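Quick note: the coordinates plus some simple rules give every number you see, no bench work behind them. All values reported here derive from a predicted model rather than from experimental measurement. Glycine also receives a Cβ, built like all others from the backbone with ideal geometry; neighbour counts cover every protein chain displayed.
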Amino acid sequence: MSTPYAKLPAWADYGLIPLINLFVAFVVAGFVVLLVGENPLRAAVILVEGAFGKGTGIAFTLFYATTFIFTGLSVAVAAHCGLFNIGTEGQAYIAGLGIAIVCLSFDSTLPWWLTFPLAIIAAAAVGALWALIPAYLQAKRGSHIVITTIMFNFIAASIMVYLLVGPLKPAASQAPQTRNFLAGAELPKLNWIIELFGAKIRSAPLNVTFLLALVMAFLVWLLIWRTKLGYEMRTYGHSPKAARYAGISETRIIIPAMMISGGLAGMMALNPVMGDQHNVAIDFVSGAGFVGIAVALMGRLHPVGIVLAAILFGMLYQGGAELAFEMPAISRDMIVIIQGLVILFAGALEHMFRPYIQALFASFSPRSVGMEAVKGKGA
Amino acid sequence: MAQAAIELIGINKSFGAVRANRDINLEIGRGTIHGIVGENGAGKSTLMSILYGFYQADSGEIRVGGQPASIKTPNDAIALGIGMVHQHFMLVDNFTVLENVILGAESDALLKKSIAKARSELERLEREYGLEVDPDAIIEELPVGLQQRVEILKALYRGAEILILDEPTGVLTPAEADHLFRILGQLKDQGKTVVLITHKLREIMAITDTVSVMRQGTMVATRETAKTTVEELAELMVGRRVLLRVEKGEAAAGGVKLAVKNLTVKDTRGVTMVDDISFDIRAGEIVGIAGVAGNGQSELLEAISGIRRAVSGSVMLDGKPIDLTGAADPGELRDRGLAHVPEDRHHVGLVLAFEENENSILGYHDDPRYLRGPFLNIDAIRNDARDRIAKYDIRPADCRLKTANFSGGNQQKIVLAREMEQDPGVLIVGQPTRGVDVGAIEFIHKRLIAMRDQGKAVLVVSVELDEIRSLSDRILVMFAGRIVGERGPEATEGELGLLMAGIEHQEAAL
């Protein structure tokens, strides 16, 4: 009478269950579309075609996905250490300051491939430092990281507003943003990759940060599952008591984990700032940090899952924009409802269908759920 | 045997693919004490949970008093006169005895009437069965033995004719257990039926009329207690012959390895849990600490292993001091040759969500053997894990399996293998065989004795008096944070039991 829930084969655990959850989310979303008097099937077609139908759509989807990969990884790194970093939003926002300083200083003198590494370092460093204060307070004073990171989101927002309407704003401008960067701080687009496959792209912001995001996903995997630091983080995340027993110091683990998390959040800012807008504007993060929480949960805190979940949310953003354009009855708010349903079913209600699927698997073949293997025969 | 109080016919129950109960047939005679024994995971608790309405059988029939019964919820069971006393008490700590007894069985919307009614009923029950408890005492202020009595009263108050007790003596001193058995005897004399679930065979022999043995979900035998032996029952439980008593030679104790002087430890609430304790452990001996759970043993272990900071006192390891009141760290102590098998393997000794091989380096993950720069040396870790799986016969033999999927005995072996294979000078072990099946107990005891014979100093803390007596070369008894006596392994259970109950300690204080 150990665990009533049997283990599922990995493909069902990581593939089938998320797909079922997603499917149910779309069915319920379909009813909502029906409620406002539109055809849900047509809406689904528009959404998917808008995201993946044309080259431009794909490029936009991947552009949004890039942002979500960074914030998703940020949340996941902290979560592996048992810390709920709600501050991704603020860490990304304040990192815009680091990027602005690098870009405004060097965009006239250095080529992009020199500005970019400097900006990466600046973004990661500012994001990490912004996470350091809540981390220190948690490790040394026991202040709850959820509360402090939320507060730091507000502080970050206030500082950025002050800077963008004051010191960072060009004197003659009315807009609360920095001056536009010169070519030395504009990142090259990646649209040509999609065009290789024969798709046509009018103009889309997909840029080299996407590749940086994939590299970071790999590095996060390496960190969590292949390094001593990652091992200690996971131990602490699963059981602080076991960490204490193993001689892992709380301070020496919380602070680096949160700084890495903050650094990843900071790198998110590179994508919209250097890859798309070429300036730092007010509210350029616009909720991506919070979407990162959903992405991390849906991706089961695993980098591969996070990349896939980020693409899904990229699709919802891009396809949703098309949908709002094509179907006037469906407003932007409706898109938020659909996104909310995906989060609800794939995140909060993740385990709803699990027992039924397990029972199904068990009735077909007990061995596939590993029951014979785990029945230890004593000794 | 008179008419059957309960008949279970062809009960089957599966959890996913695990068949917890297979085709169980059981008849429990009215007015008898019936024991059910079996290893952990044999399906005893599942069977009783079906009888009490927590689970429903997939197939099979339950008859109570000869009538087919449908038991879907505990309320159905209570209505049929079945009461259950759980291993972990289901009491509201800050309520009085009376309030706990009527909880869920209030006879009126206003408490005043219910309480008055319950009070007279409770007095009658107490008189009838010798279950004296002050009805106005607050639960958390009562010793566990009395709390258990409240659980029994609760069941009787609800009109239980059949009483199921799940591992009732786990938290009791020997004296309290004896008292419980007298109460059960009285209940039987009054015509009640008692079902006793336990893994302690001596209790079965002492008190039951009939005994049923379960193994891997099936009912392997039912015997009249008078016509069976402990050895036969143990063999039926495990399916092979087991050694109940560890064989060991004389200890060849050497020099002092660990010296504890005037150690005082407080818990997180600031209550003194370890009070000015001093003792030595020498190389080549096993020192056992006996005591009822909660008398400071846990805090003592945590302090010596560096997990919990001590308030005062000193500890010398190999003649060199450890700063337990300041900067001592479990990692540093490990480096100095002090290995620790913690009491709580689920939350402290292991990370259940980890793969087996990841747990095999917990605490030793700083070892250069397992590292390549900042990276883990996965090959080295898994090779070591595989070696230990073979050496300690850990099953299933799969170092990539999640630790949660191993049985209790195998989990404990994972911890023991990790700590013993470091070749420590001092090994401290908390509850070496808690939640471990009989077969693995034998193996673990042999390993501990082997450590001793290699000249290691071993400290064992256990609430199982039998274990302490069979393993230890010297026995220290803890009561209320102090060591109240030291005895040799020849000490009788009665003698140790008195010490554990603090009897001598109280006399000394007078």
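Listed by chain and number, the lysines whose alpha-carbon sits under 16 Å from that of residue A:54, ignoring those within fewer than 8 places in the same chain, are A:200. Expressed per residue, the C-alpha convex hull volume of the protein assembly as shown stands at 215 Å³.
Among residues other than residue A:328 whose Cβ falls under 14 Å from its Cβ, what is the net charge (Lys/Arg +1, Asp/Glu -1)? Neighbourhood net charge equals -2. Remark: relative contact order (chain B) = 14 percent; criterion is Cα-Cα distance under 8 angstrom and separation of 6 or more residues. Reducing segment B:1-79 and segment B:81-126 to their Cα centroids gives an inter-centroid distance of 26 Å.
Between amide H atoms placed 1.01 Å from N, distances below 5 Å from residue B:107 occur with B:114, all of them 5 or more places distant or on a separate chain. Judged by the ratio a/c of the largest to the smallest principal axis of the C-alpha gyration tensor, segment A:1-146 counts as oblate, that ratio being 1.5 or greater while a/b is no larger than b/c. The Rg/Rh ratio for chain B is 0.99, where Rg is the radius of gyration of the alpha carbons and Rh is the Kirkwood radius. About the centre of its Cα atoms, segment A:36-348 shows a dipole size close to 820 debye [charges on the beta carbon of Lys, Arg (+1) and Asp, Glu (-1) only; nearest 20 debye].
Take each residue of peptide A:221-230, count the partner chain Cβ atoms within 10 Å of its Cβ, and average: the result is 4. As a rough footprinting exposure proxy, the listed residues B:205, A:160, A:334 were ranked by other beta carbons within 10 Å of their own, and the order from fewest upward is B:205, A:334, A:160. Taking only the C-alpha atoms of segment B:1-87, the Rg (one decimal) and the largest Cα-Cα distance, Dmax (whole number), read 12.4, 38 Å. Shape class of segment A:36-348 from the Cα gyration tensor (axes a ≥ b ≥ c, square roots of the eigenvalues): oblate, since a/c reaches 1.5 or more and a/b does not exceed b/c.
The mean number of partner chain beta-carbon atoms within 10 angstrom of a residue's beta-carbon across peptide B:349-357 is 4. Which FRET efficiency value, to the nearest 0.05, do you get for residue A:45 and residue B:3 by plugging their Cβ-Cβ distance into 1/(1 + (r/R0)^6) with R0 = 60 Å? That pair, residue A:45 with residue B:3, gives E of 0.25. P(r) for segment B:391-492, from all Cα pairs and a bin width of 10 Å, is 13, 44, 31, 10, 2 %, short bins first. On the principal axes of its alpha-carbon atoms, segment B:219-346 has extents of 58, 39, 25 Å, going from largest to smallest. With K and R counted +1 and D and E -1, the other residues having a Cβ less than 10 Å from that of residue B:114 yield a net charge of +1. The H on the amide N of residue B:36, modeled in the peptide plane, is under 5 Å from the matching H of B:196, B:197, B:198, B:212, each at least 5 residues off or on a different chain. For residue B:15, the residues 5 or more places off, or on other chains, whose built amide H falls under 5 Å of its own are B:20. Only Lys, Arg, Asp and Glu carry charge here, each on its Cβ (+1 for the first two, -1 for the last two); on that basis segment B:385-510 has a dipole of about 740 debye about its Cα centre.
Counting Cβ atoms of other protein chains within 10 Å of each Cβ in B:406-419 and taking the mean gives 2.
Each peptide in B:22-35, B:224-237 was scored by the mean count of other Cβ atoms within 10 Å over its residues; highest first, the order is B:22-35, B:224-237. Over the C-alpha trace of segment B:4-238, radius of gyration and Dmax come out as 17.7, 55 angstrom. Among the listed pairs B:13/B:72; A:140/B:266; A:228/B:320; B:188/B:227; B:72/B:192, those with a Cα-Cα distance over 25 Å are A:228/B:320. Would you list, by chain and number, the aspartates and glutamates whose Cα falls below 18 Å from the Cα of residue B:113, excluding same-chain residues fewer than 8 positions away? The qualifying aspartates and glutamates are B:99, B:121, B:123, B:136. 3J(HN,Hα) along segment A:253-260: 10, 5, 5, x, 4, 5, 5, 5 Hz, from the Karplus curve 6.51 cos²θ - 1.76 cosθ + 1.60 with θ = phi - 60°, whole Hz, x for Gly and Pro. Among the lysines of segment B:373-510, pairs that are 8 or more positions apart or on different chains and have alpha carbons within less than 17 Å of each other number 5. Between residue B:73 and residue B:108, the FRET efficiency from the beta-carbon distance, with R0 = 30 Å, is close to 0.85. Here the Karplus relation 6.51 cos²θ - 1.76 cosθ + 1.60, evaluated at θ = phi - 60°, turns the backbone of segment A:197-204 into coupling constants of 7, x, 7, 9, 10, 6, 7, 8 Hz, with x for every Gly and Pro. Whole-Hz Karplus values for segment B:134-143 come out as 6, x, 9, 6, 7, 3, 5, 8, 8, x Hz, taken residue by residue from phi with 6.51 cos²θ - 1.76 cosθ + 1.60 and θ = phi - 60°; glycine and proline positions read x.
Counting Lys and Arg as +1 and Asp and Glu as -1 over every other residue whose Cβ lies under 14 Å from the Cβ of residue A:273, the net charge comes to -3. Label-to-label distance, residue B:269 versus residue A:162, with points set 7 angstrom from Cα along the beta-carbon direction: 4.7 nm. A full extension of the chain between residue B:221 and residue B:124 corresponds to an added length of 31.0 nm, given 0.36 nm per residue minus the alpha carbon distance.
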